[in-house]
Structure formats: C-alpha cells, structure tokens
1. On the Cα set of segment 140-274, report Rg and Dmax in Å, please.
2. Given 10 Å bins starting at zero, what is the percent of C-alpha pairs of segment 60-190 in each, up to the one with the largest pair distance?
3. Per residue, how much space in cubic angstrom lies within the convex hull of the C-alpha atoms of segment 536-639?
4. If you take all C-alpha pairs in segment 636-722, what percent of them are over 21 Å apart?
5. For the chain, just the Cα set please: Rg and Dmax, both in angstrom.
6. Counting only the backbone N, which residues of segment 204-230 are under 20 Å from the spot 7 Å out from the Cα of L438 toward its beta-carbon?
7. How long are the three semi-axes of the equivalent ellipsoid of segment 36-83, in whole Å, if each is the root of 5 times an eigenvalue of the C-alpha gyration tensor, listed from largest down?
8. Taking every alpha carbon pair in segment 701-740, what does the distance histogram look like in 10 angstrom bins from 0, in percent?
Amino acid sequence: MEFLGIANSKDTGKYRGLWAKFVILILLCSSGGAVSGSEYLIGLGSYDITGPAADVNMMGYANTEQVAAGVHFRLRARTFIVAEPQGNRVAFVNLDACMASQLVKLKVVERLKARYGDLYTEKNVAISGIHTHAGPGGYLQYVVYIVTSLGFVRQSFDVLVDGIEKSITQAHENLAPGSIFVNKGEILDAGVNRSPSAYLNNPAAERSIYKYDVDKDMTLLKFVDDQWGPVGSFNWFATHGTSMSRSNSLISGDNKGAAARFMEDWFEENGAKSAYSHEFAADGIPRRVSNLLYDRHDNHHELLELAASFQSRPGKPATRTLSAARRVRGALRQADKPQFVSAFCQSNCGDVSPNVLGAFCTDTGLPCEFNHSTCGGKNELCYGRGPGYPDEFESTRIIGERQLKKAVDLFNKASEKLKGKVDYRHTYVDFSQLEVTLPKKGGGSEVVKTCPAAMGFGFAAGTTDGPGAFDFKQGDDKGNPFWRLVRNVLKKPGQEQVECQSPKPILLDTGEMKEPYDWAPSILPIQIIRVGQLVILSVPGEFTTMAGRRLRDAVKSVLTSGGNGENVHVVIAGLTNTYSQYITTFEEYQVQRYEGASTLYGPHTLSAYIQEFKKLATALTSGKSIAEGPQPPDLLDKQISLLTPVVMDGTPRGISFGDCSSDVPQNSTFKKGHDMVTVTFWSACPRNDLMTEGTFALVEILHGEDTWVPAYDDDDFCLRFKWSRPAKLSTRSQATIEWRIPQSATPGVYRIRHFGASKNFVGSIRHFTGSSSAFVVA
C-alpha cells in the first residue's frame, strides 16, 4: 500500500478496512449486486440525543413539577437500514424519547432529501420512541403535548433532529453486505396489565385464546455483517417506560434505554470475543471496565500514598472537544470497526406496566381498589411498585436486565434467516371523521365514523404508574359539573361530538381547539415495513394489549391469504412517526379507564386502524401503490415558547467554575460493590452546552504514576450527574456527581471530573473542567 503513501504499519490496519469496502463497491457495480450469499445491504448507526438537562419539563407524566436537573444516563437515536443492492431500502430509527414527533420527522426527512435526494422519504423511514418518561419535552408541535413544558423547546427539538439525521447518516455510510436473523421468545416478569378491569371487558371467548393479559413475546433481529460479523440487534417488546417515577428529575432512557446500554456493553466486552458468552457482573450489569483496565499496585498503603499526591485541582478553562475526547465508549471503540448497536423498541404497551409488584395505596399499604385504582376514593394515593421498590433506579435496572437477558439469549440462538424482498407502504389518514365499515352480527355491514380528537375525564386521573390530581378517577363515564364548567371556558363540545365520543365524558375537546394553533393531531401517518418474513406496523400511538393483537391478526390474515405463506412475523412499533395517545378495543373504551379516556378518535378508533392497515397490507402483497393521503400541517413557525433563556452564570467571589465545593475526604478508601463516592463542583447551567457525544461527569482511574484513563462517564448506569441552583433565578449552581462503585470496578486510584460550560453577561460560552482529589477503591 506504499503507492498510496501508507508506509506506516499503524496506518495499514486503518486503511485495510477502507480498501476492503472499496473492493466490495467495485464488485457490486460490476456484478449486478451478487457479491456474496447475502441478499441485503445492512447498516447501523447511533448518535447522542440527550436534551437539556436543566429547567425543561420532562415528557410523559404531564407533571409540571418534574423538571430536568441532571443525567442518569444518556439518550440515543439508534438506526438500522436494510437495502436490496439494486432495489428498495428501509430505515428504522429507535429513539430514547417518550415518542416520535410529527414535526421532528418532517424536518428529518427534509434534511435527508437535501442530502440523499429521494433515497429516504417519509414513506421508507420510520422513527419510533421507547416511551421513557424521563426525557426533556417540548419537541412536539401540538398544544396539548407542550403545555407543561411552557410551550415549544427549540433545544429539545434540535438535538432530536440533529441526532436522528446523524444516526441515519452513520447507518447509511456503514451499509455493507450482510444477513439478518429473527428470533422470538417470552419474558414473563417484565410487564403486568395496569388496567385489568378494562381488559376483562373484552369477550371471554377472545380472552380464552391467550394465556396472559399482556403480550410476553420479544421479537429480535440480529444483524450480521459479512466482514465484521454481528453488528447489532433490534427487538420489540411491550412494557411502559415508567420504571422511573413522576418525581424523577434525571434524564434517563428508563428500562429500555438501560437494556440497550447494557447489551451494547455486553457485546463490546463479551460478544466481540465470543458471540455466545453470557458473562454478567454480580449486580446484573454486564462487565465492562473490570477486565479492560488493570492496575499493577497491589499494596493498599502504596495506593493511598499515590492517591495523596493528587489533590483536588481548581477549575480551569477547557475546550468543547475535551469532554468528547474523554468519553469512555469513544475511547474504547475500535475506530475501523462498526460499533455494535442494540435497540430495545416499544410495541403495544398501552396497558402494560413495568411495575410488576402491583398497585398499592401509599397510606395503608393495601392493594388499590380494582375498578378505579383508587384508595379511599382518591386516585392520588395509588401507585404501582416496581421490582426494586422503593428504589426506582433499582426497578429500572431490574426490568432492563430482564429484557437484556432474553435479548442476549435470542441473539445467541437466532437461526431463522430473513429472506425475500424489502418493501414498504405509507399513507396519511384523517382520523377526525373517517368512515369505517363494520360487519353486523346478523350479517351485512354498517358504516360508522371516527370523531375529532377528545380526552375524557379518566385521562386526568392518570394511571397507577403516575396518578393525576384533584378528584378525577379512572373508569369515570359521567364526569362532574364543576370540571364541565372549567372545560366549557376552553371549548364546549357540540352535541354531535358528545354523541360521537360516547360513553366518554369529554374533558378536553382537543380536536376542535385551534387557538393559538391545533391542540391535537387529526392527520396521522400509518406505515408498513417489510424485510423478508418480518413485517413492522408503524403505529402513531399506544395500542393496548388486545388492540395490538387484533391489529396484528388482521394484517397477518391479509399477508398470508392466497397461499402467501404462514411464516410471517408481524410486530407493532408503537409511538412511531407521530403521537396520538392511546388506542383501545371497543369494549375497553366502554370502561373509560385512562387508556379508553385517552383514545382520541372515539370508540371506533381501533376499527379505523384495522381497516386502513388492511388497505396497506393489500397494496403491499399486490405490489400496488397507495394514495399519499392529506398532508399533515407543519406548525414550526407557529410555535410559542415561554421557557426563559439562560441569562448568565456566576460563582462566589474567589471561586472558579469547576472548583470543588465538597471534595472526597483525604486518604479515602471506598469498597467496590458497596460504597458511593460523592463530589460537588461549582457549575453552570447544562443548557449552555448539551455535551452531545461528550459527558458532564467522568470517573478516571490512574495508570502508572501520572496517566489518568476514562473509566465511567454519564452514560454509565452507576454514575449520576445532578445539577441544582439555590433559587430559581440564581446565577449560581452546583453539580453533584455520585458514583455507586460497581462490584466489577478494578481496584486502584480514582478521581472524579466535571465538564461544563458557563455563560457570561454578554452571552459568550466558556467551557471548563475540574477534578476531585484522588481516592482508593479496594
């Protein structure tokens, strides 16, 4: 390779991979795509989408007091692209976010068209949310979804659009010949039905078909690159992202985000060596650092003396790139090899809770009342308990680990290879007045209609995962006079709307509220993606268990009719492309628990979805196109934001940003698997710089006498970055970093660092860093 000017042996490996891909490209062009036995090109990508970690209301619980104030672990957009060498392609993006946003997808597609032409459009790109309730809000375009975030939050929106685009771009650039395998298995202990009284209203004959009142199946794809071997996995499993409670203030991917982080770490540590390794640490989290780092100091006294020579360093200026350069996973990854990407996607989770111990009253400790989930008539006291109760972080870890272990098992045993064409169908449907043809019991059919969006009184009651306030309760099909008066101030529904939505008592007539702009969506995207025998139904909401079963069965009946084969795997990708709340069965809707009260378009919403998805499936099997449908609005220019900007940051006289305000005690020794290290720094508002692909917090281990190596950062489950200010309008703030030392940590000398960015009175942003005194971990 000297003719390329690459004589240095260190560079040879780097360019060997590029040369191999160049050869593959030549073969592709000259052989009509017949490079190997693989019928697909596959590519995966991942990018940081962690939003503002301060001041912004979190999306999911609609709790005005739940405002971001730190990071539990980072959020990511993970993408797979599958392409026929000379044919169709599809891109599926999984977001560590509460849900997809119509406005986000519109802007992502605009950017993709500018970059790639018509290669990626709204038709073959799907963007899906995992439904974490611990991510920054303000990125949807409809009023009802951004009220608690004080309107639109441009920073939340931009980081999503940027991250999704970069994730798709990565996947596109990684496209190479490969194979995809599918596998399916049960997880019995990661979800329970939180509205069993509504589920029981479904026909007994239908319920008898199923063993459980929630779906227990996980369906997993394993991506294998012809050159590199396994490069990723995506799976779909239904359980809510509500292991973290409505009082949590740390940005978190909840149980699915945790499972994804655990599996990527598992593969980098074990899968790269042996795709059939099952090594986990004692705390259930995959080993990562323990056998990547080592220390030659065995004498405890020697370690203490070494630690004593590194006292807390004053805060000092830093560059923006320093945080990213010190990032743990960036440092560990091989630059010439695609990173392993693992996504834990959402499915029909509408009535599925990860709080598997059940719902109990906080005052008595007794189980909540069955039909309304109340305690002494009050819904505010009824809370679901996760398996780590009362520790929500532990519950998140456990539910994440349960999904992880099944995913690793399915990944290792996956043997059914996807074969066949890549295809897709997409259309927009106006669900506000859609005619739906239903069969009559005695024969024949009748035509019914959906309704403009509206939310019932049971919506305001919340769920056992996050109860509401005041005197609302689930299962309310009457409403009350006082709240009707309050409702009428905003918008009194007409008689036609009242009858259409019946038996839902309307609390908010959102579909007919248009000031200052639309409160709820009317036009929704529906989409089918097919890769061989796998079919993904992209739905813009949360289907309940039985609603999802009916939709899957209806689509499968179309796909397998006429001798098309029985071996079709149909999965629902929930909260995809936009958000329109819940979809229950007709029978569940009659009960008007939270999910039924949040089924926007009336009792026939599910039947409308089934009708329209069957049209898509018919077009898919027949090879025919389908009408694009009415275009959804782009409301970006109408958005209003009441969130105050960061004016400036400050510190006490004589203090620099990054200085320790509370250091570790001198000559400290901490026990791994047992102790927690806490350090507090003078800091600045995290909104000044999101530290995208970087970190606010870092744990470093000492190698030799003076070399500090990154060990853990704010993308690790064991490290928490907490930000606070003494008063809402104060310019001063502090960052507290907590490291719960895992059992797998390597004994040695450590220190904790903080990275941040301050804003001065003229608006200039200056980055800084500071470090704690060193300490010993034994």
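1. Values for segment 140-274 (Cα only, Rg and Dmax): 19.7, 53 Å.
2. 11, 38, 29, 18, 4, 0
3. Here the figure is 117 Å³ per residue.
4. 50 percent
5. Values for the chain (Cα only, Rg and Dmax): 26.5, 87 Å.
6. Within reach of a label on L438: 204-207.
7. Gyration-tensor ellipsoid for segment 36-83: 37, 11, 6 Å.
8. 25, 32, 29, 11, 2
The values are calculated or read from the model by the stated rules, or taken from the named source; none is laboratory data. All values derive from a computational prediction rather than experimental measurement. Every residue, glycine among them, receives a Cβ derived from its backbone with ideal geometry; neighbour counts consider all protein chains shown. The accessibility values were calculated without ligands, DNA or RNA, using every heavy atom of the protein model including side chains. Shrake-Rupley method; radii C 1.70, N 1.55, O 1.52, S 1.80 Å.
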